[in-house]
Amino acid sequence: MSPVSAAGDRMWSYYRDGLFPRKKKKEDKEAVTLPAIHNGPTSLCQGTNRKGHDGKLHVESNITDHLRFLQLNHPVCLQYQVQRTGKTQNEPHLEDRITDILHQGQFFKVKAATTLLNLHEYRRTIDDSTQLLKSMEALAGEEEDEEDREGEDKDVIVDVRETDSGTHLSVSSNIDVDRESEHKLPGTDLLCCTASSEVQRTEESPLVEERRFMVYICGGYKDTVAERSALMENVYPRLYLYCKQRGYDFSMVDLRWGIGTPFAERHDTVELHVENLQRCQTTKGPNLIVFVGQKHEVRSLPSTITREAFEAIVRVLDRDRQQMSRDKPLVDLAASGSQSSITTDSSSDSFTQDSIYGHYLNFGEQATNSGLLSQSSHDSFSDGEEARLSPVGTRGRADVDKDLTLLQMCYKLDENCLPPVYRLLPISSHHPDVLSVDRERRRQARKDWSATCLTLLGVLQRSTGKALGREEASLLLRTVLDWEVETGLQSVDGAPPEEHCHCYKRLIPDLHYNLKNEHVAQYADLLKGRARLDPVLTAAHQQFMDRLHRKLRHTNIYERNMGWGKRGLNSKHNQSHRFYTERISSHFQRTVINSLNKDMKVTKTHSPFDTVRREAVREQIQEEIQRHVNYGLHLGKGCTLRQTFLADVKKAVEQSRTRPILLLGPPGWGKSTTMAAVAQLAPSWLPGAVKILVHFIGLTGESRNIRLVLQSLCVQLAEAYCPHTQLSEGLPQLINEFHSLLGLVGTERPLVILLDGLDELSEDHGADLSWISASLPQNVHLILSATTDSPCTLQSALPTVLSIPPLSPEDITAALETKLRTDQRCLQEQQWQLLVNACLSCPCPLYLETAYSESMLWTSYSPQASLSLPPSLEGLYLGVLARLERELGRQLVRRAASLISISRWGVTEQELLDLLTRDGKVLQEVTSCHSSSSNPRVPYVSWARLRRGLGRHLTEVRTDGTWVYRWTHSELSHVCMNHYIKTVDCRMALHADYADYYQDKSQRTHIFQPLAWTLNEGEDGEGTTKSYKFNLRKLHGLPYHLVHSDQILPFLSECIFNYEFLLHKAWGLSVLDIKEDLNKAVLPDKVLVDVEVLSGALEMSTVVLLQDPCQLASQLMGRLGKLIIEDRPVAKGDPLKFSYLHALMAQCTQSSLPVLLPSSTCLLPPGGLQHILLAGHLTSVIALGGGQRGPLGVTSESDGSLRFWDLEQRRIIRSLDAVEGVVADSITLGLNDKMLIVCMGQSLQVREVESGRVVYSESDSVDRPIVTTTCEGQLLVVFYDGSHLVKVFDLAASCSLLHCVNISMEREAIHRNRSVLLSNNCIRDYVLFAYRSGDEAAVFSARGGAVLSVLSAQHGAASIQAVEMTEDYLLLFCRYPYKSGSEIIHIELFSTDSFLYQRAILGCSQDFISQVTVNRAGTHVVAFCPSPHTGITELVTWNLETEDHKHITRFPAVLTKGLCFDLRFCLGICSGEKYLHLWDLTCRISDQTLTYNIHKPRSDGTEEVIPMGKTLRYAVCRSIRAGTVYVWNLGRRRFVCRPVRVEHGLYSSTDTVLAHNFKLYIFTDRSTISSVEAPPCRFQVRLSSRHLILGTPVQKH
């Protein structure tokens, strides 16, 4: 047969005789087996049928239903012969075969069916087939009538009202299922002002994509073990990996896996299964997979019965007892079939069971011995117990008395529910040993309860039909699978069930012939002690399948036949069975993946890495922000308590305009809800469009890191007040940027920032709160909260402290009454007094919520002596844990609570189950209660029950890119730590278990715990591209738990010096996270040199690695390669200096990513003076200036904003906006830092620092002004570049003009631009100036307005590069290009009194001076020497007294401007950056090892190698050192390793040099023409050339 059905869908089929068809001749007749199940009229089929055909289809459908029943019991009796033409195709392989006769059922008429039944060749097991056919026709007519009534009772639903102690069931009609209650958060009530467990999802708040899929697996407890186990063991890991590779979480929930029979102390099995199914339905993709065989599902007792229903049942039993007499026993209704409590409502398509006794009125004995009630209960009876039952088919008055007594003993009226219900008592109330720690006593108690359960089910089965009617009775006695299927097949978000539900049906055709097999009871329902199918349960199962077909389209039901094996369905010992499970697994995997792909949003990007990473970080921050917003909306909704305190907060907000407000209260005092209420009320407290920023610290793991908290706040501030601003990632930088952004807040848009739970900050940065300033900008309000005993101190911030008051008696009473009214509950008078008094003894919202949750377990019949509420929150929590230990097992609760408490920011479900399984005591305890497979694990249902028992105390949040469980309130964590983890050793052992789990090297490590999940995305023309989804749980968790378990050495080897770990952490998180880990690598008795060196290398490479972490190997090799090579033992046996770096460098050469590794050290090694990055600018910095007094710096941004820095505190203290669009490229402070001089091009502004007012401005100048101050900043001297004009202003007299003169020197300026050099320091009224590249300078008197003296360099070839002055010396920085070595740079000193030459200080040949500054003390000269070719800037110093010359440090970037008015504060900026670089030179200024020695050989690099035209044996090499050229003879052996000619000082670093055919062309802006007499062109270029003749002197032209 071709594997194509009528609908075009693949279906599965098996041949009767095995996997392969028996070979037939051409004339043979083929045996066709009718399907054991049909689809029934689905909604789609009904919609497409023509008018008038519905009735006929219903008749044909019911005929097929009865044929199906016959096949289930006697599969061979329905075999008929059809004549077939054509050849039969052999199928040598195991192919899928189609048996979709379901659609063909409409062609079978009633007569055809009658003929078919009369033609069967096998013996009959039903005596009268004709009567059966008549009953089939009659049933078809009845169903047709029911179809006509379908509009009246169409929407039958079951209202499930969940409580912790059971479920109340009621039936209503024509009411849509209210699914909002299913999504109700398990958080605490808002009225009691305490935190909830999850964020409420409302229409007002946009949802954050969950990015996870959850599939619920259900089926028979025993007959579908093979299929479900194969999925969990084989398919689940593959699907988990598939989703993780695409950035999604995946889980499969099977509450039956590892469980033999269901058991629940409080009879909440149905609620547990339905809740987990509904939880899966909140995610997209497939959420329900049903596996069915030929065995009926286990039944369970209803946990609650309505008062009316129970009393009706009792009345029926009383009536039966009164009608009975000792001589006239009553015929067993269940046996006779006169009444049935298990009915059907075909019009509603609800999963209620049809009447399974109506067709078997003569099966008395079979019905009585049926295992209809429960397989476990059925098996619990021994032969002796069975013999003591009432005679078959008859019941006496004593039996009814026993039934009534048992019913009233097991069910008690609970008047605490509104309306009152009869509740099934906990098992331990009748069998206390069910909670015993003794395994045998517990097993016996369960066996006794099974007998009681069987008897009680029989009572309800016999009585509910007469008492309640068929429909109500069927709803009351539903199976767990009925509930699951009914819930799962509902429409989810408007989508039909076919979008998210699938069913796998397995048939064993030859099961009838193997009823005597010892394993057959697991796959079929047998009569007690007989090798015969139970017709009652078989019919019930068939009717369940009919209902399934009515609700689910046939395209989603996959049928497969399977042959019987000696051991049943055993894939380990039967090859065909193994093939069957593999095919099931393969099809399941394809089906799920196809469904997942419809909802997955996987985008491929080819943007640069820094762009991709920046967008990913921004997306993560936005999701984090939205979670806090949603959480705040949820908490603040409906909060009506503490109105007086909220009024106090409002008053504090209005009065404390520049001081932060701190709300203090003990743990559980309702701080979070109060903050949420403030967030919603604050817009009405303040004028303008108020911007609210709220952050609940501890809500997620990321919210505990102060660096990430500030990053989130800065992102929100930037979006509101300064869009398109790129922010930093380091904590110090974020602090300054945070304050800069606060300065942008205006009156029209005031800002309120709420930070809740400062004590929840992690230890990563020591809970640093120094960023909270005492004085806030105007229109900014900062409201904080913390616990009373919090270690976080804000004394320096001088906050306004408000203590949250306890709940008043009125608040407590109102809150409890509201909760009872909402939950439709009441309490008895003594119970109410107990609850109220307990809450009054501890007037804490968290205590109130916890106490009320415990009162939910109280019933009206609970003995008052058994009820107690400890007066403290700790005692109440301990009571909750003790109750869970009794019900679920002490080891399980202890271990799970400890793991959650000790975890880092929570634990995932997969981690928790794996860690629980690793604990031998837990595994032994769990397996003693549940039957386990060959691979023992903690069943999922054990964790599900614990999660349900914890209720609102446990919260699921998204952290590290996945979902984790954590305690809703940290107080419970403290209680668990003190109760379960009492010693340091216990705590370290738990951390070690976590660390071992993350380090596990098992076969499935690459699936569940790799460093990253990789996915090949396809060919991009250059190779296969890969996408990486990083395992942040491992990248964060492994270092954390290794450190806290005191495993520092494994921490160093597995994390710090593990290249792959570092690479993935820098890539998936940030290099800043690695630096945080490095701070933890501390040994108490040893200094780790390796850590210091690695930390220094990463610090220098931070900027690069933030943009492209894939350069980690290149950066490490380029900086540390030489150190590793030189690290050799001096003598044999001596230890190496570095213990770990050698292995790290070796790992770099074997990187999992293609990397470019340098062959030698090409980057600056660590160990030099490190700089500090000062952030706070919102745009790039273009100008830099220094104050005259104190550690004051001023900067200008590209948007014109001016920032004033306190360099001691390293923060911005004042900001000024640009005026008239002037963007400063030069900044000078004067008049004791009260006046600010700003230059931009030809514009000049003088502004007051305090007010920002412009005192003087000019913009009509043709030439560029160059300014300095003198007379202690009182006089402003302005030179104009390109002219001889000089102006002097008096800043103290409102910038009045004192002089405007033209000065002249004997030698005119050489350069047209940047020709004037001025000194920054001032002595008396002197100003020292010179023309750049000239050989003389002059002293100008500002008060006199004239030149006092001209200072000439000691040689006419000198080129002045800078000028400065101190109290004692006038300094000329000269370059002598014709000299070599250390004589190129001279500092010539002249006396400030006589203006005579004093002496000269020599520099070094590698000094290229860009900017020169002198400290205020006048002792040192600091020069900035950038090299554009190498990208390195050297900071060099000269001691003017000792003439020591030091190269202090090297900076891996080109500084455009530098300043050093104090050796503690050496500042520099780079082009295009928004940071200040700060060095403290005092720690290195006295280091004599840095003193430059001219005899010390210095390495000199080559910038360019130029072959000389056609003579390739010669080459010219340009040195990195400006002005030096080497000529090499590559053909002569005697010139190996040495050049044939070297020339120094030919050009400066500002010149452009070309070499061609033995000629050197130098392009320079220097000229001998006077700048005044030159034509008005802006640039003048002179072309000069020098011939380099090998072996002859160089000639000039």
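The values are calculated or read from the model by the stated rules, or taken from the named source; none is laboratory data. Just so we're clear, the structure is a prediction, and the values are computed from it rather than from any experiment. For neighbour counting, all protein chains shown are included, and Cβ atoms are generated from backbone atoms with ideal geometry for every residue, glycine included. These accessible areas exclude ligands, DNA and RNA; they are computed on the full protein's heavy atoms, side chains included. Shrake-Rupley method; radii C 1.70, N 1.55, O 1.52, S 1.80 Å.
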As a test of reading the structure, rank Tyr216, Tyr1514, Tyr1561 by solvent-accessible area (1.4 Å probe, protein chains only), most first. Tyr1561, Tyr1514, Tyr216
The range 1050-1200, accessible surface, carbon-and-sulfur percent (1.4 angstrom probe): 57
So how do 857-865, 948-956 stack up, highest first, on mean other-Cβ count within 10 Å? 948-956, 857-865
Where the only charges are on Cβ atoms (+1 Lys, Arg; -1 Asp, Glu), what is the dipole of the range 1364-1482 about its Cα centre, to the nearest 20 debye? 440
Sorted by chain and number, the residues with a modelled amide H under 5 Å from that of Glu1434, at a separation of 5 or more or across chains, are Cys1425, Ser1427, Phe1451
With a 1.4 Å probe and every protein chain left in place, tell me how much accessible area Glu1308 has, in Å² to the nearest 10. 70
If each Cα of the range 549-629 is one equal point scatterer, what is log10 of I(q)/I(0) from the Debye formula at q = 0.14, 0.16, 0.20 Å⁻¹? -0.75, -0.81, -1.02
The FRET efficiency for Arg657 and Thr1482, from their Cβ-Cβ distance with R0 = 41 Å and rounded to 0.05, is 0.55
Give the accessible surface of the range 1412-1459 per residue, rounded to a whole number of Å², with probe radius 1.4 Å and ligands, DNA and RNA excluded. 32
Mind listing P(r) for the range 799-897? All alpha-carbon pairs, 5 Å bins, whole percents. 2, 12, 21, 20, 18, 12, 8, 4, 2, 1, 0
Given points 7 Å out from each Cα along the Cα-Cβ axis, report the Gln620 to Thr917 separation in nanometres with one decimal. 2.9
Roughly how many debye, to the nearest 20, is the charge dipole of the range 443-499 about its Cα centre, given +1 on each Lys and Arg Cβ, -1 on each Asp and Glu Cβ, and no other charges? 720
How many Å² of accessible area per residue for the range 542-662, probe 1.4 Å? 48
Neighbour cut-off at most 16 other Cβ (10 Å), DSSP loop, trypsin sites (Lys or Arg not before Pro), the range 1260-1314: Arg1307, Arg1314
Over 18 Å between Cα atoms, which of Lys601/Lys1029; Lys284/Lys637; Lys1086/Lys1132; Lys244/Lys1034; Lys466/Lys551 qualify? Lys284/Lys637; Lys1086/Lys1132; Lys466/Lys551
So the carbon and sulfur contribution to the accessible area of the range 564-723, 1.4 Å probe, in percent, is 50
How high is the FRET efficiency from Tyr861 to Val690, r the C-beta distance, R0 56 Å, rounded to 0.05? 0.55
Which value results for Rg/Rh of the range 670-713 when Rg is the Cα radius of gyration and Rh the Kirkwood radius based on the inverse mean 1/r? 1.05
Take the range 969-1101, drop everything but the C-alpha atoms, weight them equally and run the Debye formula without solvent; then report log10 I(q)/I(0) at 0.21 Å⁻¹ to two decimals. -1.24
The range 691-788: translational diffusion in µm²/s, Stokes-Einstein, Kirkwood Rh over Cα pairs, 20 °C, 1.002 mPa s: 156
What is the mean projected area of the alpha carbon convex hull for the range 1314-1404, to one decimal in square nanometres? 5.6
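Using 1/(1 + (r/R0)^6) with R0 = 56 angstrom and r between the beta carbons of Asp648 and Glu1367, what's the FRET efficiency to the nearest 0.05? Numbers along the way, then the final one.
Details: r = 60 Å, r/R0 = 1.07.
The formula returns an efficiency of 0.40 here.
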Whole-number accessible area per residue in Å² for the range 1295-1403, which is evaluated in the context of all protein chains at 1.4 Å: 39
Taking a crude spin-label model, label points 7 Å out from Cα along the C-beta direction, the Ala531 to Phe1558 distance in nm is 11.3
Tell me, in nm to one decimal, what length is gained between Val1540 and Lys1234 on full extension, where the rule is 0.36 nm per residue of separation less the Cα-Cα distance? 104.1 nm
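What does the extension gain come out to for Ser436 and Lys1132, with contour length at 0.36 nm per residue minus their alpha carbon separation?
On the way: separation 696, 0.36 × 696 = 250.56 nm, distance 6.77 nm.
Fully extending the segment from Ser436 to Lys1132 adds 243.8 nm.
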Using the basic label-point model (7 angstrom from Cα toward the beta carbon), what is the Arg1214 to Thr1502 distance in nanometres? 5.6
Sulfur and carbon atoms: percent of accessible area, the range 828-957 [1.4 Å]: 51
